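The values are calculated or read from the model by the stated rules, or taken from the named source; none is laboratory data. Please read all numbers here as calculations on a predicted model, not as lab measurements. Note that each Cβ is placed from the backbone with ideal geometry, even for glycine, and that neighbours are counted across all protein chains shown.
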Amino acid sequence: MQIPLYQVDAFTDVVFHGNPAAVCPLNDWLTRDRMLAIAKENNLAETAFFVKTEDHYEIRWFTPEIEMDLCGHATLASAHVIFNYLAPELQTIHFESKSGPLLVTRNNGILTLDFPSRVPTPAKAPAVVLEAMNTLPVQVLKARDYILVYPNEETVINMTPDIALLNTINIDPGGIIITAPGKTVDFVSRFFTPQASIFEDPVTGSAHCSLIPYWAARLKKNTLHARQVSPRGGELFCELQGERVLISGKAVTYLQGTITV
């Protein structure tokens with residue numbers, strides 16, 4: 001069987017930046033084990049698979065280890081593939097997923113994800129997490145992921161977590177977000193996934209499902225400009241709309257090919 005394969009850098013318009021995702025359009029669903037094997041072979045943070053139905057697309061996301069319940073950058077990458085290669089006449093794409101309906105629209109090269117809001121609440125982080133970060137946060141919250149809030153951008157950029165220590169814990173399927181007010185944007189963040197083959201995710205759309213409601217409440221504004229300050233880096237334009245969040249950014253194709261399984 002031959003399957004089209006696209007690799008797309010999401011939340012950037014320059015290759016080698018943003019977050020790379022593999023995208024595999026399917027005519028029919030493969031088994032879960034086969035999709036997991038493809039994701040492992042791709043060795044990227046996420047591989048998205050989708051199947052077209054009569055009026056929407058069903059989408060699933062896999063890391064090299066597990067199936068995820070939600071992934072922002074791979075959804076953006078999938079929409080980029082559909083808009084540019086499969087259905088260029090569309091302006092809106094309706095995905096169905098394990099996290100419910102997800103819409104993606106495009107306007108002048110900007111793609112906007114309409115995702116569920118995941119409001120974080122105060123929490124107590126495992127002691128090993130705080131120890132591994134070397135710097136105590138000013139606040140700890142949790143939704144799917146732990147969120148550690150720091151006072152300034154420099155602390156987030158310069159953070160060097162103890163990877164070996166963090167890999168002794170399992171936060172399945174979530175991770176650890178560190179965040180702070182930004183200098184030239186409203187807020188910055190980084191995202192770490194203990195025990196994953198790719199420890200730091202370059203740009204994490206789904207993390208912003210929790211970051212947006214937090215920063216909107218804290219900054220008293222619903223429209224936000226964010227940057228994920230990983231080594232690759234990425235830019236996100238965000239908006240809180242009640243129980244939904246809008247996460248916007250660009251994407252660029254790195255490669256097109258075919259895999260044989």
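Which residues, taken from the range 47-66, are surrounded by fewer than 18 Cβ atoms within 10 Å (Cβ to Cβ) and in contact (Cβ under 8 Å) with a residue 60 or more places away in the chain? Let's see the steps before the verdict.
Let us first name the residues in the range 47-66 that are surrounded by fewer than 18 Cβ atoms within 10 Å (Cβ to Cβ), namely 51-56, 58, 65-66.
Of everything in the range 47-66, those that are surrounded by fewer than 18 Cβ atoms within 10 Å (Cβ to Cβ) and in contact (Cβ under 8 Å) with a residue 60 or more places away in the chain turn out to be Glu65, Ile66.
Within the range 47-80, take every residue that is of a type in the set (Asp, Glu) and in a loop (DSSP other than H, G, I, E, B) and give me the one that is nearest to the chain's Cα centre (by Cα).
Going through the range 47-80, the residues of a type in the set (Asp, Glu) turn out to be 54-55, 58, 65, 67, 69.
Cutting the leftovers down to in a loop (DSSP other than H, G, I, E, B) gives us 54-55, 65, 69.
On the way: Glu54: 27, Asp55: 25, Glu65: 16, Asp69: 11 Å.
In this case the residue turns out to be Asp69.
Aromatic (Phe, Trp, Tyr), surrounded by fewer than 22 Cβ atoms within 10 Å (Cβ to Cβ) and within 22 Å of Glu235 (Cβ to Cβ): is that true of Phe16 in this structure?
On the way: aromatic (Phe, Trp, Tyr): yes; surrounded by fewer than 22 Cβ atoms within 10 Å (Cβ to Cβ): yes; within 22 Å of Glu235 (Cβ to Cβ): yes.
For Phe16, the condition - aromatic (Phe, Trp, Tyr), surrounded by fewer than 22 Cβ atoms within 10 Å (Cβ to Cβ) and within 22 Å of Glu235 (Cβ to Cβ) - is met.
Could you say which residue among Val188, Val156 is within 19 Å of Leu240 (Cα to Cα), of a type in the set (Val, Ile, Thr), more than 12 Å from the chain's Cα centre (by Cα) and in the same structural domain as Ala125 (by TED's automatic domain parsing)?
Values: Val156 fails: within 19 Å of Leu240 (Cα to Cα).
Sole residue among the options that is within 19 Å of Leu240 (Cα to Cα), of a type in the set (Val, Ile, Thr), more than 12 Å from the chain's Cα centre (by Cα) and in the same structural domain as Ala125 (by TED's automatic domain parsing): Val188.
Mind listing just one residue for me: the one in the range 19-36 that is among the aliphatic types (A, V, I, L, M) and within 16 Å of Ala196 (Cβ to Cβ) and, of those, surrounded by the fewest Cβ atoms within 10 Å (Cβ to Cβ)? Reasoning before the result, please.
Filtering the range 19-36 for residues among the aliphatic types (A, V, I, L, M) gives 21-23, 26, 30, 35-36.
Narrowing further to those that are within 16 Å of Ala196 (Cβ to Cβ): 21-22, 36.
Details: Ala21: 30, Ala22: 26, Leu36: 18.
Residue satisfying both the conditions and the ranking: Leu36.
When the range 80-129 is examined, which residues are found to be within 20 Å of Leu246 (Cα to Cα), out of contact with any His (no Cβ under 9 Å at 6 or more places or on another chain) and acidic (Asp, Glu)?
Asp114
Give just the number: which of (1) of a type outside the set (A, V, I, L, M); (2) touching an Asp or Glu at 6+ places or on another chain (Cβ under 7 Å); (3) modelled with pLDDT under 95 does Glu54 not satisfy?
Going through the list (1) of a type outside the set (A, V, I, L, M); (2) touching an Asp or Glu at 6+ places or on another chain (Cβ under 7 Å); (3) modelled with pLDDT under 95, Glu54 breaks only (2).
From the list Gly174, Gly205, which one is surrounded by 24 or more Cβ atoms within 10 Å (Cβ to Cβ), of a type in the set (Gly, Ala, Ser) and within 21 Å of Leu76 (Cα to Cα)? Quick ask: steps written out before the conclusion?
Details: Gly174 fails: surrounded by 24 or more Cβ atoms within 10 Å (Cβ to Cβ).
Exactly one of Gly174, Gly205 is surrounded by 24 or more Cβ atoms within 10 Å (Cβ to Cβ), of a type in the set (Gly, Ala, Ser) and within 21 Å of Leu76 (Cα to Cα), namely Gly205.
Does the range 37-46 contain any residue that is surrounded by fewer than 23 Cβ atoms within 10 Å (Cβ to Cβ), within 30 Å of Glu243 (Cβ to Cβ), aliphatic (A, V, I, L, M) and in contact with a strand residue (DSSP E or B) (Cβ under 6 Å, 6 or more places away or on another chain)?
no
Please indicate, with yes or no, whether at least one residue in the range 90-103 is crowded, with 16+ Cβ neighbours inside 10 Å, modelled with pLDDT under 95 and closer than 16 Å to Val252 by Cα.
no
Among the numbered criteria (1) closer than 18 Å to Pro25 by Cβ; (2) not in a loop (DSSP other than H, G, I, E, B), which single criterion is violated by Leu44?
Single failed check for Leu44: (2).
Yes or no, residue by residue, for (1) touching a residue at least 60 places away in the same chain (Cβ under 8 Å); (2) over 28 Å from Asn42 (Cβ atoms):
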| site | (1), (2) |
| --- | --- |
| Phe191 | no, no |
| Ile198 | yes, no |
| Pro202 | yes, no |
| Ser210 | yes, no |
| Ala217 | no, yes |
| Asn222 | no, yes |
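So which residues in the range 207-220 are closer than 22 Å to Ala132 by Cβ and in a loop (DSSP other than H, G, I, E, B)?
Passing the criteria: only Ala207.
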